[in-house]
Structures are given as structure tokens and as C-alpha cells.
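The values are calculated or read from the model by the stated rules, or taken from the named source; none is laboratory data. Computed from a predicted model, the values in this text were never measured in an experiment. Here the Cβ positions follow ideal geometry from the backbone for every residue, glycine too, while neighbour counts run over all protein chains shown.
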Amino acid sequence: MTLTLAIHSSKGGTGKTSIAVNLAVAFAASGKNTCLIDLDLRGPSLCSMFKPRSHFWINDFLSGKCSIKDTLTDIRDEVGTKAHLYLSFSNPEIGEIRDLVSKDRDWQAGALKALMNGKKELAERGLDVIIFDTSPGVEYESINAVAASDMVIIVHNDTSACTSCTEQLITGVYSLLDKKCAIIDNMYHGNCLDLIDKERYGVPILATIPCMCEIATRSKEEVLVHTDPDHMFSKSIVSIKDKIEIM
Amino acid sequence: MDSELLEQIVTNLKDINSKLDKLIVQVENRDEQVSEKDRIMADSLDVITLLSLPDHLRTTATTLFEIGPATADEIAKITNKERAVESNYLNQLVRMNHVVKYREGRKVYFRINDSLKKK
């Protein structure tokens, strides 16, 4: 059974991509064949961390121009994970992003269908885990990803704006689509040791990660969960992975 | 040849030309009207529309999205509802133009409407 996760947040800059990448590496390192798909089509970021070797972008797949396997780059040997770690990149060219913004509802309806089919194809190819990194808020691309996933991982940061919007997303989107959800409290400014909630808005909290500049600065060059497994962030990621697996 | 007759022929040809032009414009306009009507009629199901459906229809539509073309019976097995109930919901979705109904042999199948993609 393939597990499909959508990493989403109500606001931007909460650390979705860092968590998505580290989580993908953690799954692959534990022997699960994993695929990380950059569905932040409006602000692609995966291509700034890894180099695509595929001929097609995920954008091409969503437009029906290729099969999902044509968009994959396997980075198992580069990173040195136990199982395969496939990446599917979003096209960072500004022309492509401008084009995307003008796509209509019908394209988005087709994109959702493509995503559902892509997920089936990846399951048939023996993938154990699929992770969608999404754009923040209620955008077609991210809600398509939520609809195509089994579970939504909400990356939440410690601001009041984020708090009220997260609650709305849970009641107005995720629950309506019958999705399992879990929250990661990221960039937490309080004292993590006194912690705190096990649950918020009826949704379990998987981890609370303190705000550390180091996570952002080092993530430019390395995947912490792989290069520094004893780091507090890496330990949190592994515990998040373990909790997701038993949910 | 009689020059008056030639002139008459030229005038008639010009007349025919202008009538043809008018016909071409009319046909083009009509095509535009038809495609505009199609656009309104065929209401393909996107995820935001899915969210705005009432709960019972949303569950049915989401299931159909996930398993692809299916019979009411196949949907009912997944949603744990009666076949007749799902059949009713699916037919509501068909009337809303979100879902297409078709027959294969004796079985009636439903699929998400994506007619617009082939435009």
C-alpha cells in the first residue's frame, strides 16, 4: 500500500520544503522507495537544491504531455539512501509560471485527474511513499495535491495569522475531503521542553521544532537528516516519519 | 461579345461574392455561439467545485475521482452505502454535468466529465 502525503500550510515560509525534503530522505534511508514531487508550481524550489536529469517537468505531466515516470530523477546514489529516492521537479522558468497563473478551471480539473493517475502509476511501480510539496494557502495546485493524498501534514509556524488560517483549512478543506491530518509546529519560539499540546483543532501534533537559523542556512548545502542525524531537527524528522507510519 | 452582357456578368459576380462573405461571417458567428454554449454546459469537475458540493455528493464524486470510471455498485462498495443510493447521487452529478454516464454491454458506468479537455 502506497502512502501519499501532502505537505501544506496556510501561509508561506513555514518550512514546508525543508520538511518535505528531509522527510523524503528519512523515508528513503529507512528503506522505503520514495518519490518527492514539487507541486509548488508558482514558486518551485526543489530545482534549487537538486539538479534534474529528466526531460520533462511535473508541469508537462499535469498538462498531459508525458507520463509521470518521464519526470523522475533518481537521487539514491547521490544522496546514498538505502531505497530509491525519486524527485519530480517543477519548471522554474518565469514564462512557465506566468502561463500557469492563466490556466483555467478546466486545466486544473485535468491536472487533478492526472495527479490521481500518476499516483496509481507510481504505486504500480512499487513506490512506498509519495510526498507532494505544495504551495501555501488555497491554490488549485495545492488543493489538488491535498485531494490526491492520503494524509495532509500541516506545517505550522508560531504566528497568529497562521493559526486562524490553519483552523479554517482543516474545517473548510481537509475535513471536507475526508483527509487524515497532522500538524508540525515549526519555527517555535517558546520553550519546547514545556510542551504543550498533543492536539489542536482535533488534529494530532507530530512534533514541535524550535526556531533555529541554522536549519535554514545549512539546508542550502545539505540535507540535515542525512548529513547530521544527531541534530535536533533530524531527530524530529525521524520521529515525525515514525509517527506518520503508525497513523 | 456584347459589352453590356459582360458588365452584367461582373455585377452579378460581385453580388454573389458579397453574399458569400455575409454567409461566411454568419457561419463563423454561429460556431462561436455554439462553443460558448458548450463551455457553459459542460461543467468539468475541479477541486474547488468539489469542495462546494453537499457532503453526500462530494463523497461520491471523490470516490469516482479516485477509482476512475465505475458502476454505482463499485462506488457503493467503497462508500458503504446502498447501490440505489449511490445510483441516485451519481445521477444527480450527471444532471449537474459533473459526471458522464455511459453504457458498456449491460452495465452502466460513470466517469468524471472532462469533455472540455478535448476542445
Looking only at helices (runs of 4 or more DSSP H) that fall completely inside the stretch A:68-136, which ones have 1 or more residues that are within 22 Å of B:VAL47 (Cβ to Cβ)? A:94-101, A:105-124
Starting from residues that are small (Gly, Ala, Ser) and part of a loop (DSSP other than H, G, I, E, B), keep the ones in the stretch A:29-44 and report whichever is surrounded by the most Cβ atoms within 10 Å (Cβ to Cβ). A:SER30
Hits in the stretch A:69-124 (condition: modelled with pLDDT under 95, polar (S, T, N, Q) and under 21 Å from A:SER54 (Cα atoms)): A:ASN117
Among A:SER142, A:SER219, which is the only one that is surrounded by fewer than 18 Cβ atoms within 10 Å (Cβ to Cβ) and either under 19 Å from B:PHE65 (Cβ atoms) or hydroxyl-bearing (Ser, Thr, Tyr) (or both)? A:SER219
Given (1) in contact with a Phe, Trp or Tyr (Cβ under 8 Å, 6 or more places away or on another chain); (2) closer than 25 Å to A:CYS47 by Cα, identify the lone condition not met by A:GLU167. (2)
Taking the condition among the charged types (D, E, K, R), closer than 29 Å to B:ILE67 by Cβ and without any contact (Cβ under 8 Å) to a residue 24 or more places away in the chain, does A:ASP106 pass? yes
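So how many residues does the stretch A:148-168 have that are within 13 Å of another protein chain (Cβ to nearest Cβ), surrounded by fewer than 24 Cβ atoms within 10 Å (Cβ to Cβ) and not charged (D, E, K, R)?
Matching residues across the stretch A:148-168 total 1.
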Cβ-Cβ under 8 Å, sequence separation 6+ or interchain: first residue in the stretch B:55-72 and in a helix (DSSP H, G or I), partner charged (D, E, K, R). Which pairs? B:THR59/A:ASP178; B:THR60/B:GLU86; B:THR62/A:ASP178; B:LEU64/B:ARG111; B:PHE65/A:LYS113; B:ILE67/B:GLU74; B:ALA72/B:ARG83; B:ALA72/B:GLU86
Among (1) buried (at least 17 other Cβ atoms within 10 Å of the Cβ); (2) acidic (Asp, Glu); (3) out of contact with any Gly (no Cβ under 9 Å at 6 or more places or on another chain) - the single one A:GLU96 does not satisfy: (1)
Enumeration of residues in the stretch A:226-247 that are part of a helix (DSSP H, G or I) and either among the small types (Gly, Ala, Ser) or over 17 Å from the mean Cα position of the chain (by Cα) (or both): A:HIS226, A:THR227, A:MET232, A:SER234, A:LYS235, A:SER236, A:SER239, A:ILE246
